[in-house]
Amino acid sequence: MRHTLIRRAAIAVGVSALALPFAASAAQAAPTRQAVSGSTPAWATPANRAGNPSSSQRVDVQVFLKLRNAAGAERFANQVSTPGSKQYGKYLTANEFNARYAPTDDSVRAVRNFLRQQGLTVSGVGQGNRYVEASGTVAELNKAFGADLHTYSYRGHKLRAPGRQATLPTNVGNLVLSVNGLAQTGPLRTPFHHKVVSNSNAAKTRSAAPKAAPAPAQCSNFWGEHNQTMPQAYGRTEFPTYICGYGTDQLQTAYGVKKAIATGTNGAGTTIAIVDAYASPTMQADADRYAVDNGQGHYAKGQYSEKVFKPFDMQDECGGEDGWNGEEAIDVEAAHAMAPGATIKYVGAKNCDTGLDAALNWIIQNHAANIVSDSWGNLGEDIPASAIAAEHTIFVQAAAEGIGMYFSSGDSGDEVTAGNTPSAQPDYPASDPYVTAVGGTSLAVGSDSSYGFETGWGSTRAVVDYTQDPAAYTQAPPGEFYGGAGGGTSTLFDQPAYQRGVVPASLSQQYGGAPARVVPDVAALADPYTGMAVGRTIDGEYTLQTWGGTSLACPLFAGIQADASQGRSTPIGFANPLMYQLKAGSFRDVAPQRTPVAVATPTGSSLVTFDRDSSLFTAPGYDNVTGVGSPNGTSYLAAAAGGSHGGHGGHGGGHHRHH
């Protein structure tokens with residue numbers, strides 16, 4: 001199927017076309033140049049312009065090349081991923097895929113020669129001939145690509161981007177899909193995690209409060225163990241306190257996989273790749289200690305390994321290494337918690353921008369894993385269409401090889417409520433139809449580790465100001481939106497066939513026109529107030545902290561997928577076409593609670609109400625907070641392992657929305 005420009009990119013192209021009288025005059029001297037479609041982000045507008053980068057500033061770029069027969073590659077990826085297809089499970093190796101679809105050596109040579117002729121430094125070629133790496137000054141890039149680079153103010157950042165579509169000579173432009181790095185999108189990517197503030201810190205922040213303020217809430221080891229007295233809300237004054245942090249045993253039991261793991265269905269023989277930026281120097285030791293402390297014993301020799309791309313760069317733009325190191329700890333420990341027999345392969349990118357694409361490409365070119373957990377993404381879909389097209393080809397190749405790509409759906413609900421985007425939209429790459437988007441839930445685990453209830457992760461917070469009125473909230477509960485699972489209707493992609501007949505038209509056609517891709521696909525625990533205890537070394541001391549976010553949900557689900565994959569004749573691969581067909585009972589339908597559920601926070605100064613996720617909502621059946629639901633223990637393992645399916649046929653992929 002043919003890819004076309006997405007709606008927003010098409011609008012951006014129109015704007016850029018109005019600004020191209022310079023290109024028209026240049027065309028008389030060089031009539032063979034053409035635009036690299038979608039290379040200007042929607043936010044690169046005159047109103048946002050904040051200056052110009054230094055002409056001598058050096059910039060790294062990845063010039064992504066087009067696949068040969070990209071439509072054929074997608075058709076093949078759909079066939080091998082869809083139960084009922086004659087090709088189901090008959091995956092290609094990386095070499096076989098590249099022989100059919102990858103850019104040729106001649107194409108790479110043409111692009112490389114052009115870049116060198118423009119005075120750029122060519123530093124390498126991505127495996128599979130997927131891209132050419134190069135660098136140059138801003139002045140050199142402007143000349144080579146006609147980029148007209150400026151600096152723009154967007155979401156609190158000063159970001160570099162082309163003021164008009166990049167252009168290339170036609171003989172080269174016909175080969176090029178994207179020039180990643182011209183637009184500085186890395187700072188818009190973020191790990192999707194939330195941490196609960198510890199009691200010690202809370203006590204410090206409360207030191208000036210009057211005696212009327214209660215002591216900071218004592219956290220609970222299971223749901224309802226302790227209560228906190230708060231001003232009246234929902235007809236009561238006693239509320240459960242937040243969870244100290246569930247452990248491995250509690251999560252395995254609540255999700256119904258503990259017995260299966262104990263009897264050997266533990267992910268053995270599978271490999272889970274964890275992709276983040278940078279790398280914690282203490283990760284292996286921390287992961288091993290965490291496993292031992294949670295009764296899982298030491299990692300076996302070779303069970304944990306790392307592939308780290310250096311030298312690291314863009315630490316300031318990417319929010320610093322520490323935040324990514326915390327993400328790494330969540331991902332590694334959560335995946336191992338649910339699949340203690342699986343091999344964990346950590347892949348650390350050199351930065352949060354082009355480095356993440358290089359890390360993903362390394363995985364598919366070396367088939368480093370069959371399950372890939374990615375707890376990061378863009379806040380919304382506002383990145384250049386050409387960059388999305390480039391990443392999309394990576395996900396297509398992954399599906400063709402039988403590699404499942406799992407992405408956190410995000411932590412800011414519909415994004416517009418959190419002030420991150422001008423309109424409601426899901427996050428990319430979670431919205432790509434060839435990845436599995438993992439949404440989030442709030443999970444209550446009982447005193448015997450049993451499953452209590454689960455509802456959509458969406459939090460509002462009502463605050464008590466004890467320096468003013470200790471008997472009232474500053475805003476009546478439920479209060480203001482505080483965070484929740486990402487999701488919603490894509491503005492980029494048409495509805496994939498696997499969602500037909502499952503996703504309500506009220507969601508898929510929310511914006512009118514043809515049905516669209518809706519996020520997420522599945523869900524697992526994400527609420528930090530019912531979060532997981534995570535161990536890592538901070539300032540030389542091993543410390544337990546309570547973490548949540550869809551950063552937690554994604555590796556938890558990836559671990560369960562490893563359990564389900566064990567013993568299959570072929571890997572699950574791209575899971576969505578299978579999961580949307582599984583028999584009833586494979587997933588728990590995460591529905592809204594009939595009465596509000598609230599929890600007291602660590603400071604005792606606010607009340608968090610569950611299942612309030614911006615404009616997104618949980619509902620019976622598929623919803624845009626939890627997808628088809630959370631995995632239902634051994635029922636899910638058996639169905640996914642056997643590939644049991646029922647009522648929905650068709651191919652698995654989707655395509656870009658037509659303008």
Filtered residues of the range 599-638 (kept if open to solvent by 30 Å² or more (accessible area, probe 1.4 Å) and among the small types (G, A, S)): S614, S615, G621, S635, A638
Could you say whether any residue in the range 392-409 is open to solvent by 10 Å² or more (accessible area, probe 1.4 Å) and closer than 28 Å to S81 by Cα? yes
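Please pick out the residue among S85, S81, S135, S107 that is hydroxyl-bearing (S, T, Y) and more than 29 Å from the chain's Cα centre (by Cα).
Numbers: S85 fails: more than 29 Å from the chain's Cα centre (by Cα); S81 fails: more than 29 Å from the chain's Cα centre (by Cα); S135 fails: more than 29 Å from the chain's Cα centre (by Cα).
Just one listed residue meets the conditions, S107.
Any residue at all in the range 328-341 that's touching a Cys at 6+ places or on another chain (Cβ under 6 Å) and either within 21 Å of D411 (Cβ to Cβ) or in a helix (DSSP H, G or I) (or both)? Break it down stepwise before answering.
First, the residues of the range 328-341 that are touching a Cys at 6+ places or on another chain (Cβ under 6 Å): none.
No, there is no match, as no residue in the range 328-341 is touching a Cys at 6+ places or on another chain (Cβ under 6 Å) and either within 21 Å of D411 (Cβ to Cβ) or in a helix (DSSP H, G or I) (or both).
Any idea which residue in the range 496-525 is nearest to P620 (Cα to Cα), counting only those that are hydroxyl-bearing (S, T, Y) and open to solvent by less than 20 Å² (accessible area, probe 1.4 Å)? Let's see the steps before the verdict.
Going residue by residue through the range 496-525, those that are hydroxyl-bearing (S, T, Y) are 498, 506, 508, 511.
From the residues that got through so far, the ones that are open to solvent by less than 20 Å² (accessible area, probe 1.4 Å) too are 498, 508.
Working: Y498: 19, S508: 16 Å.
My answer is S508.
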Going through the range 151-167 in order, the residues found to be farther than 12 Å from W43 by Cα and in contact with a strand residue (DSSP E or B) (Cβ under 6 Å, 6 or more places away or on another chain) are Q165, A166, T167
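Which residue out of A94, A99 is closer than 30 Å to P571 by Cβ, among the aliphatic types (A, V, I, L, M) and either open to solvent by 30 Å² or more (accessible area, probe 1.4 Å) or out of contact with any helix residue (DSSP H, G or I) (no Cβ under 8 Å at 6 or more places or on another chain) (or both)? Write out each step before concluding.
Numbers: A94 fails: either open to solvent by 30 Å² or more (accessible area, probe 1.4 Å) or out of contact with any helix residue (DSSP H, G or I) (no Cβ under 8 Å at 6 or more places or on another chain) (or both).
Answer to the check: A99.
Could you grab me the full set of residues in the range 34-63 that are of a type in the set (S, T, N, Q), assigned to a loop (DSSP other than H, G, I, E, B) and in contact with a Ser or Thr (Cβ under 7 Å, 6 or more places away or on another chain)? Explain how you work it out, then say what you get.
The initial filter retains those residues of the range 34-63 that are of a type in the set (S, T, N, Q), namely 34, 37, 39-40, 45, 48, 52, 54-57, 62.
Right, trim to assigned to a loop (DSSP other than H, G, I, E, B) and you get 37, 39-40, 45, 52, 54-57.
Result: S37, S39, T40, N52, S55, S56, Q57.
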Hey, N370 hits all of (1) on the phi > 0 side of the Ramachandran plot; (2) over 14 Å from the mean Cα position of the chain (by Cα) but one; which does it fall short on? (1)
Quick one: in the range 118-148, which of the residues that are part of a loop (DSSP other than H, G, I, E, B), over 25 Å from H392 (Cβ atoms) and in contact with an Asp or Glu (Cβ under 8 Å, 6 or more places away or on another chain) is least open to solvent (accessible area, probe 1.4 Å)? L120
Residue tally, condition β-branched (V, I, T) and farther than 21 Å from P103 by Cα, over the range 133-185: 4
Apart from one, (1) touching an Asp or Glu at 6+ places or on another chain (Cβ under 8 Å); (2) open to solvent by 10 Å² or more (accessible area, probe 1.4 Å); (3) farther than 25 Å from A71 by Cβ all hold for A339; the odd one out is (2)
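Right, P470: under 30 Å from A233 (Cβ atoms) and more than 16 Å from the chain's Cα centre (by Cα) or not? Talk me through it step by step, then tell me what you get.
Numbers: under 30 Å from A233 (Cβ atoms): yes; more than 16 Å from the chain's Cα centre (by Cα): yes.
It is true that P470 is under 30 Å from A233 (Cβ atoms) and more than 16 Å from the chain's Cα centre (by Cα).
Do we find a residue being hydroxyl-bearing (S, T, Y) and assigned to a helix (DSSP H, G or I) anywhere in the range 350-359?
Initially, the range 350-359 is screened for residues hydroxyl-bearing (S, T, Y), giving 354.
Keeping just the survivors that are assigned to a helix (DSSP H, G or I) gives 354.
Within the range 350-359, one or more residues are hydroxyl-bearing (S, T, Y) and assigned to a helix (DSSP H, G or I).
The values are calculated or read from the model by the stated rules, or taken from the named source; none is laboratory data. Being a predicted model, the structure only gives us computed values, none of them experimental. Cβ: placed from backbone, ideal geometry, glycine included. Neighbour counts: every protein chain shown. Each accessible area value is taken on the protein alone, full model and side chains, heavy atoms only, with ligands, DNA and RNA left out. Shrake-Rupley method; radii C 1.70, N 1.55, O 1.52, S 1.80 Å.
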